[in-house]
Every structure is written in structure tokens, then in C-alpha cells.
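First comes the structure, then the notes that go with it.
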Amino acid sequence: MAVLERSALAGKKILISGGGRCNFTNIHCRPENFASANPHFAKSALARFAPADFIALVEKHKIPYHEKTLGQLFCDRSARDIVGLLESECREAGVRVFPNQRVVEVSKGPEFAVRTEDDEYRGRVLVVATGGLSIPKIGATDLGYRLARQFGLKIQPTRPALVPLVFAQNDQKAYCELAGVSMEVIASLNGASFRERMLITHRGLSGPAILQASTYWESGKPIGIDLAPERDVTARVRAATARNLSAVQTAFQGILPKRFAELWVERNQPEALTNAALEKFERAVHAWSVTPADTEGYEKAEVTAGGVDTDELSSKTMESRKVPGLFFIGEVVDVTGHLGGFNFQWAWASAAAAARAL
Ligand SMILES: Cc1cc2nc3c(=O)[nH]c(=O)nc-3n(C[C@H](O)[C@H](O)[C@H](O)COP(=O)(O)OP(=O)(O)OC[C@H]3O[C@@H](n4cnc5c(N)ncnc54)[C@H](O)[C@@H]3O)c2cc1C
């Protein structure tokens with residue numbers, strides 16, 4: 001078995017992942033942590049190669065690790081440990097890694113013929129694990145999608161995901177002076193919702209809540225942001241008889257950063273200080289509607305959503321239904337994990353599903 005890798009080193013993305021410590025899995029991994037046109041597709045592979053299976057490998061290689069938060073497991077030392085683990089498992093299984101082999105063309109006769117810039121490789125099966133389009137500067141290419149098209153497989157449109165969002169011009173003017181300010185929110189859209197931190201950037205919004213929401217965002221659609229989860233911000237103002245706008249602003253103390261609260265209230269003032277108007281204002285606090293202009297694109301996206309349509313693949317083996325011997329695994333498939341170690345878990349689980357069938 002041969003691994004053909006265009007870079008000098010296979011697993012470069014692992015090295016930069018998780019801030020250099022690789023968030024290699026999540027112990028709370030469930031099918032709900034993945035977005036796909038067919039949300040059932042990933043279930044079988046995820047069930048047959050669970051986080052515990054990868055943790056067993058990590059422990060076999062005596063790699064120290066820790067849970068950071070929300071079930072996310074990171075290396076104590078460095079993501080290099082995970083690359084080392086994979087290299088060592090390859091050696092043990094007799095798999096040879098060929099670095100600096102950029103695949104340029106694939107054809108199929110009785111066998112697959114894979115042409116790289118300076119060589120040709122032949123094999124009975126071909127497993128495409130070319131990843132997504134994110135971070136082109138470390139080697140992402142569209143080869144996987146091109147091969148899928150070449151062999152007549154459908155593709156779900158690709159888009160940047162786990163990516164910061166860019167404000168529309170008005171919001172940018174209003175809020176970007178607060179770049180660096182963050183708060184806990186619930187970001188909701190398309191039936192998904194994420195309670196985590198949101199960060200204001202120089203161009204728009206980021207932070208885990210927004211990165212998660214970005215996977216579900218469709219251009220032109222709003223995101224609903226609950227700025228004060230489970231809090232009744234204006235309760236005290238409604239209970240008081242003397243009411244004014246500065247009391248409304250003060251009500252956000254300890255809930256939202258002061259400068260953000262001031263700006264937000266200024267731009268979303270209650271129509272009046274009656275109970276009905278304050279109740280309407282309270283509802284707006286829990287459903288701030290932001291329609292981003294765009295995402296920050298593949299340069300800043302952690303993953304690529306969309307990809308090879310899961311209808312084209314066996315959920316048990318990842319083999320193409322149309323082209324026997326052709327497999328697709330990992331990010332190139334239309335299965336996108338949430339933030340927190342789920343994308344690697346999908347890469348491991350889909351790879352294990354294919355490996356069992358080889
Ligand atoms: C900055 C960043 C941080 C991340 N952190 C995490 C994290 O902590 N936890 C997590 O779960 N996920 C994380 N991810 C996502 C995760 O890295 C990917 O989902 C995962 O690496 C996908 O694995 P893959 O094997 O499908 O593709 P990749 O890891 O992208 O591997 C694809 C390989 O194919 C090679 N290739 C491409 N085209 C060709 C060609 N033409 N010829 C030969 N070789 C080719 C590439 O060089 C690359 O090595 C992060 C992503 C980024 C960008």
C-alpha cells in the first residue's frame with residue numbers, strides 16, 4: 001500500500017491544528033456533531049471507530065494528552081506526536097509514504113493508474129483523502145473534487161466552514177471599533193444553535209459560537225444571536241416606576257461588556273419605556289438578527305463544508321457505488337464536523353471504514 005503526498009511531509013494540517021497541540025478527538029462525539037446533506041450517513045463509520053478507538057492508539061504510543069474543555073482532547077506536548085503515531089502505524093502495517101508526489105491525473109483500466117509529476121503508480125483500489133479547500137497555502141487542492149467529477153460522482157456545493165463572518169457595512173461601521181470584545185451568546189440558524197463565546201473582530205464576528213454557526217450559514221440569511229442566554233435583562237427596569245434609557249443600559253451590567261451594551265442599546269433602543277415596549281426589547285436582546293455580508297473565505301476557514309455527495313458512497317466502506325475500488329474519506333466527503341475535534345474523528349472513522357474493506 002502506498003500513500004502519495006504532494007508535500008514533503010504528510011499530515012501538515014495536523015501540525016497546525018489545535019494551536020499546534022492537535023485536538024485529535026472529542027469524547028462526546030455524536031452524529032449530531034456533523035453537518036451533511038444526509039445527516040445519517042456518518043453514523044455507521046462513527047459507531048465502528050469511536051473516540052475510544054483513537055484514544056487507545058494514542059495510549060499505545062504513550063502520547064500524553066488532556067481534556068481541555070467540552071470533551072476536547074489535546075496533546076500535552078505537540079501535534080507532532082500524532083503525526084509520529086500515524087507514521088509509526090504505517091510502518092508497522094507495511095504502508096509506504098511517498099512525499100513530494102503531487103498527483104496530477106488518474107485513469108482507470110483494469111487497475112487505477114495514478115500519475116504524479118514525476119512517476120506513475122498502479123493499484124487495484126484508490127482511496128482519495130485529499131481533504132478540503134481550506135488553507136490553500138499549506139497544500140489544499142481541489143483534486144478530490146475533480147476526481148469525483150471525472151468518475152461521474154455528484155458533489156454537494158463546497159463552502160468555507162468554521163470560519164469568521166464579515167459584517168455588512170453598517171454593522172462593520174458600528175461595531176468593529178470594539179474588536180477584541182467577547183461575550184457568551186447562543187448563535188442560532190437553520191435549526192442549529194451553539195452556546196459559546198462570540199468575538200468581535202476588525203471585520204465582523206468570530207469566536208467558537210460564530211465559527212460553529214458559520215457551517216450552517218447560507219449567504220444572505222440572518223443569524224439569530226441571543227446576547228443574554230437565560231437572563232431577563234430588563235426585569236428590574238420593568239419592576240421600577242422611574243424608568244430611563246440609562247437604566248436600560250445599566251441593566252446589562254455583568255451580562256454584556258459595557259462598551260458593547262452601550263452601543264447595542266443605542267442602536268436598538270426600546271420604542272418606549274412601557275412594559276410592552278420593554279418586553280419587545282427583551283425579545284430583541286435574545287434574538288439579535290445579524291446578516292453577514294460574507295465569510296472570511298477558505299484562507300481563514302478551518303474546514304470545507306459540502307463535498308462528495310454521500311449518496312454516491314457506501315456508508316459502511318466509503319467505496320463509490322458507481323466505481324468499484326474507488327474510495328473517498330475525510331474532509332473531501334460531504335460530512336463536516338463541529339469545532340472541537342470532530343473533524344479529525346471523522347477523518348479517522350471514515351479511514352477505518354475504508355481500511356476494513358481493503
Ligand atoms: C488551522 C486548522 C486547525 C484545525 N484544527 C483542528 C483540530 O484541532 N481538530 C480537528 O478535529 N480538526 C481540525 N482541523 C480540521 C482538520 O485538520 C481536517 O478536517 C482534517 O485534517 C481532514 O483530514 P483529511 O485527511 O481529509 O485532509 P487533510 O488533512 O487536508 O490531508 C489531505 C492531504 O492531501 C494532500 N494533497 C492534496 N492534493 C494533493 C495532490 N494533488 N497530490 C498529492 N497530495 C495531495 C495534502 O497535501 C494533504 O496532506 C483544523 C484545520 C485547520 C485548517
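The values are calculated or read from the model by the stated rules, or taken from the named source; none is laboratory data. Nothing here was measured: the structure is a model prediction, and the numbers come from that model. Here the Cβ is made from the backbone with ideal geometry for all residues, glycine too, and neighbour counts use every protein chain on show.
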Residue among I186, I135 that alone is crowded, with 19+ Cβ neighbours inside 10 Å, of a type in the set (V, I, T) and at pLDDT below 95
I135
If you take the residues of the stretch 122-135 that are near the ligand (Cβ under 10 Å from one of its atoms) and of a type outside the set (A, V, I, L, M), which of them is farthest from A351 (Cα to Cα)?
S134
Taking into account only those residues within the stretch 4-42 that are outside any loop (DSSP other than H, G, I, E, B) and touching a Lys or Arg at 6+ places or on another chain (Cβ under 7 Å), which is farthest from the ligand (Cβ to nearest atom)?
P31
Do you know which residues across the stretch 1-49 are free of Cβ contacts under 8 Å to residues at least 40 places away in the same chain and surrounded by 14 or more Cβ atoms within 10 Å (Cβ to Cβ)?
P31
Those residues that are among the charged types (D, E, K, R), touching a strand residue (DSSP E or B) at 6+ places or on another chain (Cβ under 6 Å) and in a loop (DSSP other than H, G, I, E, B), I need them from the stretch 290-312; list them, please.
D309
Restricted to the stretch 323-358, and to residues that are farther than 17 Å from T25 by Cα and β-branched (V, I, T), which residue is nearest to the ligand (Cβ to nearest atom)?
V332
Give the stretch 74-115 a look and list any residue that's assigned to a loop (DSSP other than H, G, I, E, B) and of a type in the set (K, R), or say none.
R77, R102
Looking at S315, is it more than 16 Å from the ligand (Cβ to nearest atom), hydroxyl-bearing (S, T, Y) and part of a strand (DSSP E or B)?
no
Give me a count of the residues in the stretch 198-223 that are closer than 27 Å to A37 by Cα and surrounded by fewer than 16 Cβ atoms within 10 Å (Cβ to Cβ).
5
